[in-house]
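The values are calculated or read from the model by the stated rules, or taken from the named source; none is laboratory data. Here the structure is a predicted model, which is why all the values come from computation and not from measurement. In this analysis, Cβ positions are derived from the backbone assuming ideal geometry, glycine residues included, and neighbour counts consider all displayed protein chains. When the accessible area is computed, the model is the full protein with side chains, heavy atoms only, and any ligands, DNA or RNA have been set aside. Shrake-Rupley method; radii C 1.70, N 1.55, O 1.52, S 1.80 Å.
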Amino acid sequence: MKKTQVGAWVIHHGRKIENVAKAAAHYSAIDTAAKAATLLSRMAASNQSQLSRDQVQALGAAGGLNPKTELLICLDQLEQQAVINVGADGGVETLGITNNSALQHAADLFEHNSPNSYERAAIELGELASQEPVLQQRAAEYIEDSFQLSSTESKQFLMQSSQIGFVDHEGEGNDRLLFNGNLFRNGNIEKTKKVLDSLSPTEAALVSELFESLAKSGAMEQSKVELLLGKSLMSKLRAAAMFDESVIANDTGEFTFVTAPSAFHKFISPMEDDAFDQAKALVAALKYGMSISSEHRGRIWGISLLLKKLLRGEEVGPAPAIGEDYRALELDGVVAIRKERNRCFMKLRKRDVGEIALQVLTDGDASAAVLEKLPGAAVNRYEGPEQLRFEFRRKTQTAPSKKQTEDMLRAMRSGGGL
């Protein structure tokens, strides 16, 4: 695997580890590397930048890092990698970093922390299960041969991997299938066809209609997708990661929208493009936060013009909405907001994130027509597709839905592979 692929799986697995008690003790190299690389992504801009001690602590807190232990460890590791300089006052100077280079640093940090065989196997398993669903028995044999694990050790490792969320599973015993949420991220037509062939003609027609709509509009409200597909069909497609859902939360509630998994991958590599979910969050904030804002708030009338101005390194504003609609993105280090009395201005800190957002929002018909349908409000939380899918599978998916999802996955792997 390329460094960026390894780094992307480190970030993916690190997020899973955070949500499972004691998992970090068994996968410490992944945990530490993921936290340090994510902090680097938050701190770094496309150009060399300087952050104060207070800014560094705020960005660490945004990532849930303990300021007296985890934050200091992460800063020390990043300084050893020569990507930051920590001043005597606690401020940090960062080199110009893109999300792609942050993934390379994640891979380096992973190696720096001396990963054990289980951690190396976890990275390989993530890649394996993203190609197509794999039989657990075959996966065990592959892991045993590749990482010199015993049959008992591989069985325990695969059980842990499912519990933590490195992979998902459907079925039981020797027929258990392992997969993850990246199955459809490369827009593979053959995979999609196999799933459609496993559905009834009516269901297949509805799914085709959904993806035709997504191709035209870029995104759809979750309620409209459920109205089109029905709860049962939507449930099994959601569990198999055949579409993505993202949540924007604000003081008035939550808004969920659906995109095709490959929507961000017409332009970039499926696993490496947006491992930190920053481009997805920027697109979501633009769609949700600024679409029908009143003129006195600062309504966007030209998304392309706005993003191109930001990409030139220019400041946009003043607008009251800037201080309200981009809180989550400011904490993620994507934008910098400057307040001058009651006026707010914004600059883009991550050019690569802005470029992805511009391509997604201006591709085909997925432009202002979509934005004008969505209400504006202060965005203070973003939840990405993988987190939402994982929570749904663990807490919501019913037994019949799980069986239907399993049937779809088996259809996908017909014709070879592990």
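Per-residue 3J(HN,Hα) values for segment 338-343, derived from phi via the Karplus relation 6.51 cos²θ - 1.76 cosθ + 1.60 with θ = phi - 60°, read 10, 10, 10, 6, 9, 9 Hz in sequence order (x marks Gly and Pro). P(r) tail, segment 1-129: Cα-Cα pairs separated by more than 26 Å, 18% of all pairs. Counting only protein heavy atoms and using a 1.4 Å probe, the accessible area of Phe345 comes to about 20 Å².
Spin-label pair Ala215-Phe345: with each label point 7 Å from Cα along the Cα-Cβ axis, the two points sit 4.4 nm from one another.
Counted over all Cα-Cα pairs of segment 28-75, pairs farther apart than 14 Å make up 46 percent. Each Cα pair under 8 Å and six or more residues apart adds its sequence gap; the mean of these over the residue count of segment 1-139 is a relative contact order of 36 percent.
Quick check for me: using +1 on Lys/Arg Cβ and -1 on Asp/Glu Cβ, what's the dipole size of segment 5-135 about its Cα centre, in debye to the nearest 20?
Values: 8 positive and 14 negative charges, 61 e Å.
With only Lys, Arg, Asp and Glu charged at Cβ, the dipole is about 300 debye.
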